[in-house]
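Every number here is computed from the coordinates shown, using simple stated rules; none is lab data. Predicted model, so just to flag it, every value in this text is computed and none were measured. Every residue, glycine among them, receives a Cβ derived from its backbone with ideal geometry; neighbour counts consider all protein chains shown.
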């Protein structure tokens, strides 16, 4: 690999300079509440958000490089957003020339995690921010970089700022909501295309690969697919064959412009019988009940009251499960509604009002010992006077080959 940066490149685009793409007042309030004076941000998803959707293309798939890793830093001082900075690698000068960065304070000279950390510490000190409580993302800070920060910032207390950064992303902008709607629609369209072009005799592994290809064709980055055929509850891709008379569940996450579409739809090898129609109908009743009171101002935990009231009326209730979690750049981001989710976290929003711009995934699944795994998962955005489902089509039994 070589780094070429010379004359003849496009003229540098300055149109985004000093125009923060996020609510800096909201971030400053969250930092004040947490007692934070500055931030040294290292997670890809937080940097993506703070830089308005940016991920460096060269390291989009993997961070490892040689004997170290790519570890960019975003540097932020409370109340001084225009002094923000970014620490990256030399090749990111390409992105600078294209006007990708809104920050002008750039250090693009690094290749190893200790070097990134040292440059970020020097940038912070140069801005007069090397003291007080400095927030980092503990789960996204390798030990060699942390050691450098501790040594380089002796007058600072390094504390975990993950919670504040996650809360910052809880309210989606209209632009973010548009992306999430499109992501959800593309995921469902991909599932329906797979069902239309496949049928009995195909393996789970082939269905997995077909879904990858369909999502990729639609501009998504395929992240995962959890597939179930009949009563085989193992959701990994393997050589299990879709046999005549078996159900198929496609539960997939596709990433579009940095945001996840995560939904589940059902298929059957032929026209479904009345029992299957009734079972999926019960799941649909729970899904719709969970939405029934969703709007800005509704208490987050009430979604479980509405869903569980509907669940109690279902004949298959002993084998049914309901859950709800936030969605956005990462799965299970705020709002956090249940403490028994996987992964587990405190149900911080269970007793708090939901706000317009929050996005929630709601899912009801049935583990039927004779008819198989049956599930719907939907993505729902909270609005001022209700909610809006994204990618809401294909909710019934989709027949193979149609």
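Peptide packing: for 88-99, 220-231, 311-322, 178-189, the average count of neighbouring Cβ atoms within 10 Å per residue gives the ranking 178-189, 220-231, 88-99, 311-322, highest mean first. Computed from Cα atoms, the angle from the helix 302-311 axis to the main principal axis of the chain rounds to 20 degrees. In terms of its C-alpha gyration tensor, region 222-333 comes out oblate, because a/c is 1.5 or above while a/b does not outweigh b/c.
The alpha carbon centroids of region 132-169 and region 213-234 are separated by 36 Å. Distance from the Cα centroid of region 289-354 to that of region 20-85 is 30 Å (rounded to whole angstrom). Fewest-first ordering of 151, 262 by other beta carbons within 10 Å of each residue's beta carbon gives 151, 262.
Could you tell me whether region 11-78 comes out rounded, prolate or oblate from its Cα gyration tensor? Rule is a ≥ b ≥ c as square roots of the eigenvalues, rounded for a/c under 1.5, then prolate if a/b exceeds b/c, otherwise oblate. Taking the square roots of the gyration eigenvalues as a ≥ b ≥ c, region 11-78 is oblate.
Computing Cα Rg over 2.2 N^0.38 Å directly from the structure and comparing it against (i) 1.01; (ii) 1.26; (iii) 1.09 singles out (iii). Taking 0.36 nm per residue of separation and subtracting the Cα-Cα distance, full extension of the segment from residue 29 to residue 383 would add 125.1 nm.
Under the rule a/c < 1.5 gives rounded, and otherwise a/b versus b/c splits prolate from oblate, where does region 346-402 land using the Cα gyration tensor? Display every interim value, and only then the final one.
Details: a/c = 4.51, a/b = 1.70, b/c = 2.65.
Verdict is oblate for region 346-402.
Taking other Cβ atoms within 10 Å as a rough exposure proxy, 209, 175 sort from fewest to most as 175, 209.
May I ask you to compute the full-extension gain from residue 217 to residue 162, defined as 0.36 nm times their residue separation minus their alpha-carbon distance, rounded to one decimal in nm? If you can, show how the numbers build up before the last one.
On the way: separation 55, 0.36 × 55 = 19.80 nm, distance 3.43 nm.
Full-extension gain reported as 16.4 nm.
Cα axis of helix 113-126 to longest principal axis of the chain: angle in degrees, 0 to 90, nearest 10? Value to nearest ten degrees: 60.
Modelled spin-label separation between residue 233 and residue 98, with each label point placed 7 Å from Cα along the Cα-to-Cβ direction: 4.7 nm. Taking label points 7 Å from Cα along the Cα-to-Cβ direction, residue 14 and residue 292 give a separation of 5.9 nm.
What share of the DSSP beta bridges in region 24-168 is antiparallel, in percent to the nearest 5? Antiparallel: roughly 45 percent of the beta bridges in region 24-168. The angle between the Cα long axis of helix 274-291 and the main principal axis of the chain comes to about 40°, on a 0 to 90 degree scale.
For the pair residue 205 and residue 173, the difference between a 0.36 nm per residue extended length and the Cα-Cα distance amounts to 7.8 nm. Taken along the Cα-to-beta-carbon direction at a fixed 7 Å, the label points for residue 284 and residue 111 span 5.9 nm.
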